[in-house]
Amino acid sequence: MEKTLVILKPSAVQRSIVGEVVSRFEKKGLQIVGMKMVSLSDSILEEHYSHLKEKPFFKRIKDSMQVSPVIVMALEGLEAVEVVRMMAGPTNGRKAQPGTIRGDYSVSVQENIIHASDSPETAEAELKRFFLENEIFNYPSPAFVNLYAND
Ligand code: GDP
Ligand code: MG
């Protein structure tokens, strides 16, 4: 089993599509093992988007992540990191396939609805960044056997 971090960005919160997006993950079979609403500080965003800090649009990204609180989620499943990235689609909503979250709800590079961890290593670091240990839950999922069968 693998865990991954999803952030429902202000572009999801302000457009009132949080429920729809969360519902997609539930219907897919991913287990919600952590979820809360938070306001993101400058320092957490500077860490989270450190790979972009030299970019001319860095301040815009930071501002856009602070126009409202966000929802941070921890999702668990087999190969959850890859599954969730596939569901998110590529960064640019205009280039994302219909059927993906960004493809269905976004026409923007920046306002692209969700963040999703891009590797198991990143996911581990990102979950630690946004959740305390006791905010991630381990509980039985009755659907588990039916969801995965053997693999
Ligand atoms: P992701 O992993 O698909 O979210 O993409 P990145 O890690 O490359 O970028 C993080 C976030 O920064 C993206 O989800 C966008 O919200 C934003 N971003 C990335 N590239 C650009 C850009 O060229 N312009 C603007 N305005 N925002 C960008
Ligand atoms: Mg990224």
Worksheet item: If Arg85 satisfies every condition in (1) of a type in the set (D, E, K, R); (2) more than 9 Å from ligand 1 (Cβ to nearest atom); (3) part of a helix (DSSP H, G or I); (4) within 20 Å of Ile17 (Cβ to Cβ) but one, which is the exception?
Response: (2)
Practice prompt. Those residues that are away from ligand 1 (no atom under 16 Å from the Cβ), more than 16 Å from the chain's Cα centre (by Cα) and either of a type in the set (Phe, Trp, Tyr) or assigned to a helix (DSSP H, G or I) (or both), I need them from segment 18-74; list them, please.
Written response: Ser43
Worksheet item: If we keep just the residues of segment 137-151 that are within 20 Å of Glu82 (Cα to Cα) and either in contact with a Phe, Trp or Tyr (Cβ under 8 Å, 6 or more places away or on another chain) or assigned to a loop (DSSP other than H, G, I, E, B) (or both), which is nearest to ligand 1 (Cβ to nearest atom)?
Response: Asp151
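Working only within segment 102-120, note down all residues that are more than 13 Å from ligand 2 (Cβ to nearest atom) and part of a helix (DSSP H, G or I). Before the answer, list the steps.
First pass over segment 102-120, keeping only residues more than 13 Å from ligand 2 (Cβ to nearest atom): 103-108, 111, 113, 120.
Matches in segment 102-120: Gly103, Asp104, Tyr105, Pro120.
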Worksheet item: What is the residue count in segment 103-128 for residues that are over 21 Å from Glu79 (Cβ atoms) and away from ligand 1 (no atom under 14 Å from the Cβ)?
Response: 1
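Since every read-out is calculated from the coordinates, none of them should be taken as a lab result. Everything quoted here is computed from the prediction, not taken from an experiment. All Cβ positions, glycine included, derive from the backbone under ideal geometry; neighbour counts span all protein chains shown.
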